[in-house]
Amino acid sequence: MKSKDSDILSAHIKMITDDPEAVLEKQKAIKKLPKRIQGVPVVVLSDVVMMPGLTVPVTVETEPDRTAAIVAEQEDKPLFIVCARDAKSDKPRSENIYSIGVLAKILKVIPVSEDSLSVLVTVIGQAEVENVYEIEEPEIMYVDVAQIKEKFPTKTQEEQMDVLLTSIVSLYRKILSLVGDDETEGVVKSMENIDNPLILMHFIIMNSPLDATEKQELLECRSIRDRAKKLLGFLEKAKQFMKIRAEIAKTTQERLTQQQKEHFLRQQIATIEDELGEGPDDDEINELISKSEKKVWGEKVQAHFDKEVRKLERFPPNSPEYGIQYNYLENMLNLPWDQYSEDNFDLKKVRERLDADHYGLEKVKERIVEQMAVLKLRGDMKAPILCFYGPPGVGKTSLGRSIAAAIGREYERVALGGVHDEAEIRGHRRTYIGAMPGRILAALEKVGSGNPVLVLDEVDKISRDMKGDPSTALLEVLDPEQNNKFHDNYLNYDYDLSKVMFIATANDLSTISAPLLDRMELIEVPGYVTDEKLEIATRHLVPKVTKEHGLPEGAFEVSREALTYIIDRYTRESGVRQLEKQLAKLTRKYIVRDMEGKTPDSPMSVATVRELLGAELIDPDMYEGNDMAGIVTGLAWTAAGGEILFIEVSLVPGKGKLTLTGQLGDVMKESATIALEYLKAHAEMLNIDNKLFDCYDIHLHVPQGAIPKDGPSAGITITTALTSAFTRRKVMPELAMTGEITLRGKVLPVGGIKEKILAASRAGIKTIILCEQNRRDIEEINPDYVKHLTFHYVKRIDEVLALALTDEIDTTLPELKVAAPKKAEQ
C-alpha cells in the first residue's frame, strides 16, 4: 500500500512534468552514494537552503549553474547544492559559499526560458566540501565532498522528540495563520499528507519565514534532536516578529485610507479625460487603429491585433510595458500579411535575365528555368528549396537577385554567417529587454512583400552554442509542409512563409546538418575557367568599375591580352572577386595618371598593366619535365580551383623505412602506405627484387611544404612515382594523372575533375590519366576547353603503369642492389 508521502510526491511531480511515472521510477532507482565523492558539479542558490529527504524543483538561472545541472544529468552524477553566503557579493563563487550543503540526484530537467532551467531533484543528505575548483570554459564549479552522517535520537529520546515535533508543527500553523494568504492553504494541505516526522520537519524549515543564515545553521546541525530544538526557538522568534508586523500593517492601513481616497479620485479624473478623448496616449492608439483598418489581413489576425490594442490601453503611457506593447503593435502592422507582388513566370524573360547577368553556368541556369516552370505550373511554392554551393566569388548570391528581377519579386539577402543564437531566426520573446523579431520576419518587413525572393546566405557558416542551434529553426523555415505556420517568438502568432521563395548559398556542405541538407536541392556552381573569366571581365567587371569610379562609359578599356594577363598573374581563385579588386586598383591608377596628364594607352596593354599593378602576384604552375625517375605530376583541387602538384620519391640505403613530408593529411598518408604495399605484393610482376624494400629507405615528398595537402586522389600518382623510383624508368613527358587506388590495384574515381583538367591545361600538360568512371565528368566539360588534351581512362593500376612508364632508364640514379648480409663476428 502506498504512503501519503508517496502520494504527495506523485501529485507534485505531475504538476511540473508530463511523465511523472518515469520520474518516480528514476527516484526509486537512486543508488546509495559513497562516503567521499570527487568532481561533483555545484549549483549555488541565493537565500535558499535545501534540506535532506525532500523532492523539490530548483530554478537555476546563471550560466555556471545551468551548465552544472546539464553535466550532472548527462553524466548521471550527483549535484552539490549550496547556499551563497552573500547573494550581492562580488567575490568569486568558490569564496562565497558555505562549506556544508546537500547532495541531490536529478530526476528531471525542464527548460523554462532561454536563460532558466527548472531542475527536479531528490535531496539525499548533507555533505561537507573538501576541495573546490572552477573551470572557465565552459564556466562551471566542481567540489570534492564527504557525506555527513546524521545523529538520530536514541530510544530514550524518542518521547522528547515527539513533543518537540508536535510543538514545531503547532507553532508553524500559528505563523501560517498570521500570514493569511492563499499560498498557506497549499502548505497546510502538503503538511497533512506527510507521515514521516523528519521529512515534515525539513519541509517546515524550507517553507518557514526564517532567513537563510538560520536555515543554514539548522542544516549544519548533525544531531536531529538539536536541530529540532533550534528550529523551535527560531520559530518562536519568527512568530513574535510576524505578530508585530501584523500590528504595524493594521496601523499603516488606517493611515493609507486617505491616500487611497485621493488615488481613487485621480483615477476617476483620468477616466473622464479618456471619455473626452483628452488622454495623453489617445493619438498614438488611434493612429494604430487607423493603420489596422487599412491593412490587408485576415479576420483572425485583426482579432489578435484588437486584443493586443486593448492590452496597450490598460498600460500607463509612461510605463515600460506601454513602450514594449506599442513597438510590438507597430511591428505587427509593418509585416506584409497578405501583400503579395504579382508573379511573372515568363521562362523566356528568365533565360534572358540570367544570360545578361551571368556568363557561363549553363547547367545552373537550366535548373533555375526548370524550377520556374514547375512553380508556374503548380501555382504555389511547394517545390524543393534550391541551395547553390561552390567556391567564393562565383555568383551564387547574385543568382538570387537575377531570379527576383526576372519574375518581378522583391529581393532580400539574409546573412547567416556567424549566427549562433536560435533567437536570430525565431525572434526573442517579448519578456526580454530589446526583444525583436527574427531575421526572417525582419527581412519581410523590410521589403514589404509576403512573397519575395529571400537568399539565405552562407548557411554553412551557422554555428551553435548554449543558446540553441539556429539550423534547427531553419528546418521549419525551409520545409514547405510546415512554413505556412511559422512561429516567431516575438510575434507569438503563426505567420505564413509558404509563398516566399527561399534560396540558400554555401561554400562547404560538410558543415551543414544532414536534416537541413535533406530539405534542399543542391546545385553546384563551379569555378570559372580563364576564358569565362575573360568574358565576365569584358562584359560586366570593366563596365562596373568604370561606373563606380565616376568615369564616363568607354573611357576605361583593357585589351583582352591584358585581361588574360591579370587573370593568370594577379589572381588565383575559382570566382572573379579578386579579379574585380585588381581591376578596381587598375582603374584608380588610371585616374591618377589621367589627372597628372599622363593618360595611359587605351585599350590598356600588358606592359601598361604590368607598370601600374606592379610585380606579378602569382607564379603560374608549369610542367617541370621528366628528366628524373621517381617524379610524377599529379592534379589537385583547391578552393581557388585546380592545381598541379609533383610527387617526388627518393631511395637511400637503409632498412625499408617510409618517410612522408610536405604536410600531408591522414588520407594522403594512407594512400602512400597502400601504394607501397601494392608494390611489395606485385614486385615480381613489376620486375622489382622484393629484397630491395628491406635494403632502402623511401622518402616521399610533395613540394610546397607550408601548404596542407590531403585526399585520396594522389593514389595512382604515388604508386607510379614509387614504381618509377624502384625500376629507374622515366615517366612519359607532359603527363599528369589523378585517381584513388585500392590494395587490389583498382583505380577509383575522384572529384574536382573540371578544375584539375583546366589546371593541367594551363601548365602545358598534353596527356591525362583518369579513372574510367570519370569519363562522364570530361563529357560535361565544354569541348573547346579540352580539345588539345588526350585522355586515357583506366580501371586498374597496371594500366596506369603501362601508360605512364617508358622503357628509358634514368642513368643518373645508381643501380639498386641488395645489400650482402653481415658476417657474424667470430
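General remarks:
- When VAL188, VAL145, VAL169, VAL179 are checked against the criterion of being under 25 Å from ALA104 (Cβ atoms) and of a type in the set (A, V, I, L, M), a single residue qualifies: VAL145.
- Members of region 446-466 that are buried (at least 18 other Cβ atoms within 10 Å of the Cβ) and over 23 Å from PHE388 (Cβ atoms): GLY450
- Among the conditions (1) open to solvent by 30 Å² or more (accessible area, probe 1.4 Å); (2) touching a helix residue (DSSP H, G or I) at 6+ places or on another chain (Cβ under 9 Å), ILE567 misses just one, which is (1).
- Of the criteria (1) of a type in the set (A, V, I, L, M, F, W, C); (2) in contact (Cβ under 8 Å) with a residue 60 or more places away in the chain; (3) crowded, with 20+ Cβ neighbours inside 10 Å, which one MET604 fails: (2)
- Single condition PRO57 does not satisfy, out of (1) farther than 13 Å from SER116 by Cα; (2) open to solvent by 10 Å² or more (accessible area, probe 1.4 Å); (3) touching a residue at least 40 places away in the same chain (Cβ under 8 Å); (4) in contact with a helix residue (DSSP H, G or I) (Cβ under 9 Å, 6 or more places away or on another chain): (1)
- When the strands (runs of 3 or more DSSP E) confined to region 94-160 are screened for residues that are at pLDDT below 90, those reaching at least 2 such residues are found at 100-113, 116-135.
- Evaluated against (1) surrounded by 16 or more Cβ atoms within 10 Å (Cβ to Cβ); (2) under 36 Å from the mean Cα position of the chain (by Cα); (3) not in a loop (DSSP other than H, G, I, E, B), THR587 falls short on exactly one condition, (2).
- Which numbered condition PHE80 fails, given (1) within 30 Å of LEU200 (Cβ to Cβ); (2) surrounded by fewer than 16 Cβ atoms within 10 Å (Cβ to Cβ): (2)
- Output for region 189-238, where each listed residue is among the aliphatic types (A, V, I, L, M), outside any loop (DSSP other than H, G, I, E, B) and more than 21 Å from GLY101 (Cα to Cα): MET191, LEU232, LEU235, ALA238
- Filtered by the rule that a residue be open to solvent by 60 Å² or more (accessible area, probe 1.4 Å), of a type outside the set (S, T, N, Q) and free of Cβ contacts under 8 Å to residues at least 24 places away in the same chain, region 307-331 gives LYS307, ARG310, LYS311, ARG314, PHE315, PRO316, PRO320, GLU321.
- Considering region 487-516, the residues that are open to solvent by less than 30 Å² (accessible area, probe 1.4 Å) and closer than 14 Å to PRO336 by Cα include one that is modelled with the lowest pLDDT, namely SER498.
- For the criterion of being surrounded by 14 or more Cβ atoms within 10 Å (Cβ to Cβ) and either out of contact with any helix residue (DSSP H, G or I) (no Cβ under 7 Å at 6 or more places or on another chain) or assigned to a loop (DSSP other than H, G, I, E, B) (or both), GLN582 fails.
- Only residues that are closer than 19 Å to LYS817 by Cα, surrounded by 13 or more Cβ atoms within 10 Å (Cβ to Cβ) and not hydrophobic (A, V, I, L, M, F, W, C) were counted across region 640-679, and they come to 3.
The values are calculated or read from the model by the stated rules, or taken from the named source; none is laboratory data. The structure displayed is predicted, hence computed values, not measured ones. Backbone-built Cβ (ideal geometry, glycine too); neighbour counts: all protein chains shown. Calculation scope for accessible area: heavy atoms of the full protein, side chains included, ligands and nucleic acids excluded. Shrake-Rupley method; radii C 1.70, N 1.55, O 1.52, S 1.80 Å.
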